[in-house]
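**Q** One structure, as structure tokens, below. Some questions next.
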Amino acid sequence: MNILDAYIKTAPSDQNVLDLFDNEWSSFVPGEGRVARPGTSLLFDDARITWLGEVLGGFTGLNVLELGPLEGGHSTMMEQAGANSVVAIEANTRAFLKCLCIKELFRLERTRFLLGDFVQHLERSTEHFDLVLASGVLYHMMDPARLLALMSKVTDRLMVWTHYYEDSAIRSNPGLARKFGKPRVEKRDGVELVMVDQLYLESLKWNGFCGGSSTGSVWLSRNSILDYLRFLGFEKIDIAFDTPAHPNGPAFAICARRH
């Protein structure tokens, strides 16, 4: 690469910013004239976040911890909906830089993006948040139950959107089945959890990869997630977007509260 290729020779524009990560965006980035290729996911107008706001009675005044913001779409929605603060922790360096691009494009003033491992952050945190949002991260963990337990230490309200393991749905899809091992049962704090290893395989070759930091992860079953949340004291649980036939594996959204 010639260093001069790193220079922009056109007038400043939002498109110049998006083109820094051309063909790596997952999100469709709204805004007149903006084209984020190949971003198609509507994460800046996500019905799951709209639903969460309805369940909670709005985001106004909330101090939110977001785990894995990806490209800042949910962070943007929550700030625009009145959140007092959003602390969003991203471990993927390229995703983090995209979040900074979004912070500038949308002029976010109450959102702070941090670069690092949110599990290690949670282990050390003494803060308490009104809400912890973990959308699209639980199924990327090597120890998803541990993440749920760590989240439970810093909040009484959390939202999780995640894929879950359901044997017949996974095994009936050859494209998915080849990524998974055999399910097993492990006890955590006396709760029996069904879990299974999965591998990312060729997904790791894409610069826009937005999974975990290992070559694979562990998925929990639907009931295991719910049972463990109840063990952690989250007695009030709302469920939406339950999609057993999701092409990437069964998925659902949970809003769990202690009171």
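**Q** If we scan segment 42-63, do we find a residue that is part of a strand (DSSP E or B), at pLDDT 95 or above and either surrounded by 13 or more Cβ atoms within 10 Å (Cβ to Cβ) or in contact with a helix residue (DSSP H, G or I) (Cβ under 8 Å, 6 or more places away or on another chain) (or both)?
**A** The answer is yes; a qualifying residue exists.
**Q** Of all residues in segment 8-41, which are hydrophobic (A, V, I, L, M, F, W, C), touching a residue at least 60 places away in the same chain (Cβ under 8 Å) and either part of a loop (DSSP other than H, G, I, E, B) or not assigned by TED's automatic domain parsing to the domain that holds Ala95 (or both)?
**A** Trp25, Val29
**Q** Inside segment 219-259, can you point out the residues that are assigned to a strand (DSSP E or B), in contact with a Pro (Cβ under 9 Å, 6 or more places away or on another chain) and of a type in the set (A, V, I, L, M)?
**A** Leu220, Ala251
**Q** Also, quick follow-up: Being β-branched (Val, Ile, Thr) and surrounded by 12 or more Cβ atoms within 10 Å (Cβ to Cβ) is the filter here; which residues of segment 180-194 pass it?
**A** Across segment 180-194, the qualifying residues are Val191, Val194.
**Q** Still on this structure: Kindly check whether there is at least one residue in segment 121-133 that is within 15 Å of Leu43 (Cβ to Cβ), out of contact with any Pro (no Cβ under 6 Å at 6 or more places or on another chain) and modelled with pLDDT of 95 or more.
**A** Yes: segment 121-133 contains one or more residues that are within 15 Å of Leu43 (Cβ to Cβ), out of contact with any Pro (no Cβ under 6 Å at 6 or more places or on another chain) and modelled with pLDDT of 95 or more.
**Q** Of (1) surrounded by 14 or more Cβ atoms within 10 Å (Cβ to Cβ); (2) out of contact with any Ser or Thr (no Cβ under 8 Å at 6 or more places or on another chain); (3) not acidic (Asp, Glu), Val132 satisfies all except one. Which?
**A** With respect to (1) surrounded by 14 or more Cβ atoms within 10 Å (Cβ to Cβ); (2) out of contact with any Ser or Thr (no Cβ under 8 Å at 6 or more places or on another chain); (3) not acidic (Asp, Glu), Val132 is out only on (2).
**Q** Looking at segment 227-259, which of the residues that are farther than 30 Å from Arg178 by Cα and of a type in the set (A, V, I, L, M, F, W, C) is surrounded by the fewest Cβ atoms within 10 Å (Cβ to Cβ)?
**A** Going through the qualifying residues, I end up with Ile237.
**Q** Scan segment 64-77 residue by residue and report those that are out of contact with any His (no Cβ under 7 Å at 6 or more places or on another chain) and surrounded by 24 or more Cβ atoms within 10 Å (Cβ to Cβ). Spell out the reasoning first.
**A** So in segment 64-77, the residues out of contact with any His (no Cβ under 7 Å at 6 or more places or on another chain) come out as 64-65, 67-77.
Result: Val64, Leu65, Leu67, Pro69, Leu70, Glu71, Gly72, Gly73, His74, Ser75, Thr76.
**Q** Residues that are in the same structural domain as Asp19 (by TED's automatic domain parsing), under 22 Å from Ile239 (Cβ atoms) and among the basic types (Lys, Arg): does segment 80-97 have at least one?
**A** There is no residue in segment 80-97 that is in the same structural domain as Asp19 (by TED's automatic domain parsing), under 22 Å from Ile239 (Cβ atoms) and among the basic types (Lys, Arg).
**Q** Test Val87 against the criterion of being part of a strand (DSSP E or B) and more than 24 Å from Ile8 (Cα to Cα), and give yes or no. Give the steps one after another, and end with the answer.
**A** Values: part of a strand (DSSP E or B): yes; more than 24 Å from Ile8 (Cα to Cα): yes.
So Val87 passes the test.
**Q** The conditions are (1) buried (at least 16 other Cβ atoms within 10 Å of the Cβ); (2) outside any helix (DSSP H, G or I); (3) of a type outside the set (Asp, Glu), and Ile102 fails exactly one of them. Which is it?
**A** (2)
The values are calculated or read from the model by the stated rules, or taken from the named source; none is laboratory data. The shown structure was predicted, so the numbers you read here are calculated from the model rather than taken from an experiment. All Cβ positions, glycine included, derive from the backbone under ideal geometry; neighbour counts span all protein chains shown.
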